[in-house]
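Peer 1: Take this structure first; my questions come after.
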Amino acid sequence: MTSRAWADGPWPLIETPSKTQDVSKHAAIYIANEMACTHNCMIRGLNSIYLQAEQVQKPADIEDFLGFIKFWANWVSDHHILEEEEMFPGFEKAIGIASFLGNNVEQHHAFQSQLQNLLTYGASTKPGSYDASTLRGIVENLAPSFHQHLSNEIDSLLSMQPYNGEALLKVYKQCVASATKQDKALVAEYQEPSVWVSPLAGKPL
Ligand SMILES: [Fe+2]
């Protein structure tokens, strides 16, 4: 009997702050909790790429799978751009300390080339030249530093608790509104990216 693989591995999900803390106590906990959920979606996406890399065989399926990879890498890039250009500067203004979240930006830049490699692979590979071991190698290069960053960022957001929660929440809500205005063309093009994640991601957090 084959055991089913879930998309909560090989890279583990992040524990959501709500598991041990009251998110209504301070906006920083609420924001960190929301971010942890988003980061876990990213981890599940990356896990599903890694787990399914060797299972996809038909050219039409490979083409769709490459589209999913492109979607995932673009989504992560957009997330980091929004954080760097709007969210982190907004939080730092509310806190009153420049570069309070600077470590997180440095981490983004540290794995940017590996993320770009994955995006390029999804965007420029033809189904006939698709190679699962090449793809898995790209993911293996990206995953350790990427996963570490996703976890560290939650701690950084939790460290905002001594500061003005109302101002922080206002910035966060503005950023959520900005995110909903991002270009959805790529998502629409592939209709339902979750089709690649959900068969392996059915377990609750
Ligand atoms: Fe983030």
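The values are calculated or read from the model by the stated rules, or taken from the named source; none is laboratory data. Since the model is a prediction, treat every value here as computed from it, not as a measurement. Using ideal geometry, Cβ is built from the backbone for each residue, glycine included, and neighbour counts are taken over all protein chains shown.
Peer 1: Filter region 54-73 for residues that are buried (at least 22 other Cβ atoms within 10 Å of the Cβ) and of a type in the set (A, V, I, L, M); which is farthest from Lys126 (Cα to Cα)?
Peer 2: Among residues in region 54-73 that are buried (at least 22 other Cβ atoms within 10 Å of the Cβ) and of a type in the set (A, V, I, L, M), the one farthest from Lys126 (Cα to Cα) is Ala73.
Peer 1: Okay, moving on. I'd like the full set of residues that are surrounded by fewer than 16 Cβ atoms within 10 Å (Cβ to Cβ) and touching a Ser or Thr at 6+ places or on another chain (Cβ under 6 Å), limited to region 1-42.
Peer 2: none
Peer 1: Given the residues Leu51, Leu13, which is the only one that is under 14 Å from the mean Cα position of the chain (by Cα) and more than 20 Å from Ser124 (Cα to Cα)?
Peer 2: That would be Leu13, the only listed residue that is under 14 Å from the mean Cα position of the chain (by Cα) and more than 20 Å from Ser124 (Cα to Cα).
Peer 1: Asn103 versus (1) buried (at least 19 other Cβ atoms within 10 Å of the Cβ); (2) touching a residue at least 40 places away in the same chain (Cβ under 8 Å); (3) within 16 Å of the ligand (Cβ to nearest atom): which is the lone unmet condition?
Peer 2: Result: Asn103 passes all but (1).
Peer 1: When you go through Ala32, Ala60 one by one, which is the residue that is more than 16 Å from the ligand (Cβ to nearest atom) and modelled with pLDDT of 95 or more?
Peer 2: One residue alone meets the criteria, Ala60.
Peer 1: Next up: Of Glu15, Glu54, which residue is acidic (Asp, Glu), within 16 Å of the ligand (Cβ to nearest atom) and not in a helix (DSSP H, G or I)?
Peer 2: Just a single option satisfies the conditions, and that option is Glu15.
Peer 1: Of the conditions (1) surrounded by 16 or more Cβ atoms within 10 Å (Cβ to Cβ); (2) assigned to a helix (DSSP H, G or I), Ser145 fails just one. Which one is it?
Peer 2: (1)
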